[in-house]
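Report on the structure given below.
The values are calculated or read from the model by the stated rules, or taken from the named source; none is laboratory data. Keep in mind that what you see is a predicted model, and the values were worked out from it rather than measured. Glycine gets a Cβ as well: all are built from the backbone with ideal geometry, and neighbour counts include every protein chain shown. Just so you know, the surface numbers come from the protein's heavy atoms only, side chains and all, with ligands and any DNA or RNA stripped out. Shrake-Rupley method; radii C 1.70, N 1.55, O 1.52, S 1.80 Å.
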Amino acid sequence: MVTSSYRDTYQRSVEQPEEFWLEAAGQIDWSTPPVKALDASRAPLFRWFPGGVLNTCHNALDRHVAEGRGQQDALIYDSAMLGVQQRFSYAELTDLAARFAGVLRSNGVGKGDRVVIYMPMIPEAAIAMLATARLGAVHSVVFGGFAPKELAARIRDAGPAVVVTASGGIEPSRRIEYLPSVAEALELADVPETPVLVKAREGFAATTADYPGWLDWDIQMGRAEPVAPVDVEATDPLYILYTSGTTGSPKGVVRDNGGHAVALRWTLENIYDVGPGDVMWTASDVGWVVGHSYIVYGPLLAGATTVLYEGKPVGTPDAGAFWRVIQDHRVNVLFTAPTALRAIRKADPEAELLKGYDVSSLRTLFAAGERLDSDTFQWASRILDVPVVDHWWQTETGWAICANPRGLEQLPIKAGSPSVPMPGFKLQILDGAGEEVEPGTEGNIVLGLPLPPGTLATLWRNDERYVSSYLQAFDGCYATGDSGYRDGDGYVFVMGRTDDIINVAGHRLSTGAMEQVIGQHPAVAECAVIGLADPLKGQRPSGYVVLKSGVDVPEDVLAKDLVALVRRDIGAVADFKHVTVVDALPKTRSGKILRKTMRQIADGEEYTVPSTIEDPGVIDQLIGTLRVGREQTG
Ligand code: COA
Ligand code: AMP
């Protein structure tokens, strides 16, 4: 690949996208190489590398064995929960993925079929993903912190041929049994006969013996025939990953095979500066996009070693856990969420525990998932003495929209900014009328179409929702849902969402989904859930409810009920713990609840009450409650 500075590379990507991306595609092993980069025949739906044929699992595994890296570590499993470390070479991981592909095939999975994966952070989660890709099937991984109802919604939408799961996940405070949740979800989705494959783990109550017909991973693997990678079109789907939308029903982001492989491969070298033999540790979960791109596919496509960590930044056993993992596995690049850094800082402000470890292998720390606040940035930079790089992206984009491309050019780092747009992302900041704003002025961050390879192709079986959710608000552009500004040097500052999505400990959640759950309670007439600023988790949800007339229920009893309901229907990960009963909610004359104004008041920010408000008196009544509520819950 021609090496050049960031500016030249970016310019080339937007002025000559065909050449730029076909050249990047040269890093991938194709059965039939593409001769064309972009298919715009169905605009605004775009497809990358039409005519290209490949297999993503081959590129992530077999290819490296063929190139002589069979004995190199591909994946290191480190469980702080169990005190276990396990290493898998490229040759071993290839064999496991090939055999599990055989298991899936013998259970009826073929090209294009969906496989739902509901697993904790164990190597089998990555193996199941790679095996699905090997068959040309489509995986949909569901985060283990989601409750059966959320799992059911995803199963209903994806229609899997098989569900792959494990006995359960291990949280510091408890063990979470997955099998009853999977059974309940299949019932709720009305597909109780779906075949289920279970990786058994010790210490869980439920086993396959409790669920007639469910199959044991190890027994099936013992009998499995390895399967060779199946060719797929570049434009065929590799995975569906559901993410919170502004309504209760999650959006199934569809990622293709070709664009994904090309884009991720490019990012490893140019953004993360990771190549064959380097060790990359992404401390996230395979249930999130960050886990898909940088625990599983990215590092493996680049021939690097990936670390799969089952544990927390603190409490497993202490705030030195991250430094221990860096030392034990000679990690070169760490990628984590700011909330994890804040948790470590809270427990060990002067990083005393760091002194006990050799972290000299670490070259760079990357952060994403939420804004990297200046304090955390300064702290991490000081204690680790390596560049700390914020980068901004979304489930939909699959890789960074803005970053500081360390492998391409080490641009100056500015606290609070994820730096500059990456190739192919034609970033603009627009006001509500669609006009570009001046540098320094905040507006809607949008991306000109087409988006680059590796971004979402559409929403699963729902082109219409894709277009209406993302492409209609600003002509010819994809609306990111984030607001922000650019400074005079072109650095982007991402300030927050313009919709009802909140970010709790790096987890993206929909306040609309929580409101739907709360609204089911017989005492509740209406409600609003808003995300309040939180020093550890970035944001945390807080619910305001209006009771039906004539209902008399103590606030603490109702709060307990509602917290339990959200936990049951969405999951513990929502972290919904605060409820306040109010007389009325502020609304516009068209009935829209003024959540943003409520949040600004509660967070002590400046606010303007829209002129369309129905009854300004409601705001006056609420001011005290919102401020007091914040002090009590903060
Ligand atoms: N399965 C089941 N439950 C889960 C879960 C999982 N995979 N992950 C979290 N939960 C549960 C927790 O047990 C907790 O339940 P509780 O209310 O009964 O205690 C709840 O969900 C909230 O968990 P969490 O968000 O992890 O909060 P915490 O207070 O336990 O820990 C942090 C705080 C900051 C240490 C933790 O949130 C963290 O490590 N964040 C990093 C997140 C991250 O990497 N995100 C990826 C985006 S890049
Ligand atoms: P998710 O789809 O879960 O990755 O969440 C994406 C959203 O998280 C984005 O739209 C942003 O609101 C937020 N986000 C992710 N990374 C950053 C970042 N580096 N800076 C600011 N916000 C971020």
If amide H atoms are modeled at 1.01 Å from N in the peptide plane, then the residues at a separation of 5 or more from residue 89, or on another chain, having amide H under 5 Å from its own are 74
Note on the range 510-633: alpha-carbon gyration tensor, axes a ≥ b ≥ c; rule is a/c under 1.5 for rounded, else prolate if a/b larger than b/c, else oblate; result oblate
Check: C-alpha center the range 561-634 vs C-alpha center the range 167-218, spacing in Å is 38
quick note, the range 510-633, DSSP beta bridge pairs, % antiparallel (nearest 5) is 75
Answer in debye to the nearest 20: the dipole magnitude of the range 510-633 about its Cα centre, from +1 Lys/Arg and -1 Asp/Glu charges placed on Cβ, is 360
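Set the Förster radius R0 to 60 Å, insert the Cβ-Cβ distance between residue 19 and residue 552 as r into 1/(1 + (r/R0)^6), and round the FRET efficiency to 0.05.
Values: r = 71 Å, r/R0 = 1.18.
Computed FRET efficiency for residue 19 and residue 552: 0.25.
Can you compute the FRET efficiency between residue 621 and residue 382 using 1/(1 + (r/R0)^6), with r the Cβ-Cβ distance and R0 = 45 Å? Round to the nearest 0.05. Could you put the intermediate results ahead of the total?
Working: r = 46 Å, r/R0 = 1.01.
With R0 = 45 Å, the Cβ-Cβ based efficiency is 0.50.
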Taking the range 104-210, the whole-percent share of alpha-carbon pairs separated by over 16 angstrom is 53
The ³J(HN,Hα) series, computed from each phi in the range 7-22 with the Karplus coefficients 6.51, -1.76 and 1.60 at θ = phi - 60°, rounded to the nearest Hz and given as x for glycine or proline, is 4, 4, 5, 4, 4, 4, 5, 8, 8, 10, x, 4, 4, 4, 7, 5
Note to self: with every protein chain in place and a 1.4 Å probe, the range 510-633 gives an accessible area per residue in Å² of 48
Which residues qualify? For residue 164, with a placed amide H closer than 5 Å and at least 5 residues away or on another chain, they are 116, 117, 118, 197
Dipole check, the range 134-249, charges on Cβ (K,R +1; D,E -1), about Cα centroid: among 194, 168, 222 the Cα furthest to the positive pole belongs to 168
Measuring from its Cα centre, the range 1-137 shows a charge dipole (+1 at each Lys and Arg Cβ, -1 at each Asp and Glu Cβ) which, in debye to the nearest 20, is 400
Here the averaged projected area of the range 134-265, based on the convex hull of its alpha-carbon atoms and given in nm², is 10.2
For the range 104-165 (alpha-carbon point model, no solvent) the Debye-based log₁₀ I(q)/I(0) at q = 0.16, 0.22, 0.25 Å⁻¹ works out to -0.45, -0.83, -1.03
Heads up, the range 493-559 by the C-alpha gyration tensor (a ≥ b ≥ c square roots of eigenvalues; a/c under 1.5 rounded, else a/b over b/c prolate, else oblate) looks prolate
In the chain the DSSP beta bridges are antiparallel at a rate, in percent to nearest 5, of 60
Short to long, in 10 Å steps from zero, the percent of alpha-carbon pairs of the range 221-304 per bin is 16, 37, 35, 12, 1
Using alpha carbon centers only, the range 314-360 is separated from the range 255-306 by a whole-angstrom value of 22
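Could you work out the relative contact order of the range 510-633, using alpha carbon pairs under 8 angstrom and six or more residues apart, expressed as a whole percent? Intermediate results must be reported in sequence, preceding the final value.
Details: 176 pairs, mean separation 27.4, N = 124.
Relative contact order of the range 510-633: 22 percent.
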Distance in nm between residue 318 and residue 156 label points, each 7 Å along Cα→Cβ, equals 4.8
For residue 330 and residue 177, extending 7 Å from Cα along the Cα-Cβ vector and measuring point to point gives, in nm, a value of 4.4
Computed for the chain: size of charge dipole around the Cα centre, +1 on C-beta of each Lys and Arg, -1 on C-beta of each Asp and Glu, debye to nearest 20, value 520
Across all Cα atoms of the chain, Rg and the largest Cα-Cα distance (Dmax), in Å, are 24.0, 75
Given Cβ charges of +1 for Lys and Arg and -1 for Asp and Glu, the option among 510, 85, 368 whose Cα lies farthest towards the positive end of the dipole of the chain is 85
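Calculate what fraction, in whole %, of the accessible area of the range 510-633 sits on carbon and sulfur atoms when a 1.4 Å probe is rolled over the protein chains.
Working: 2960 of 5970 Å².
Within the range 510-633, the accessible surface is 50 percent carbon and sulfur.
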Site residue 72, offset 7 angstrom along Cα→Cβ, radius 20 Å on amide nitrogen, limited to the range 33-60, gives 55-60
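When only Cα pairs under 8 Å and 6 or more residues apart are kept, what is the percent relative contact order across the chain?
Numbers: 1389 pairs, mean separation 74.2, N = 634.
Over the chain, the number comes to 12 percent.
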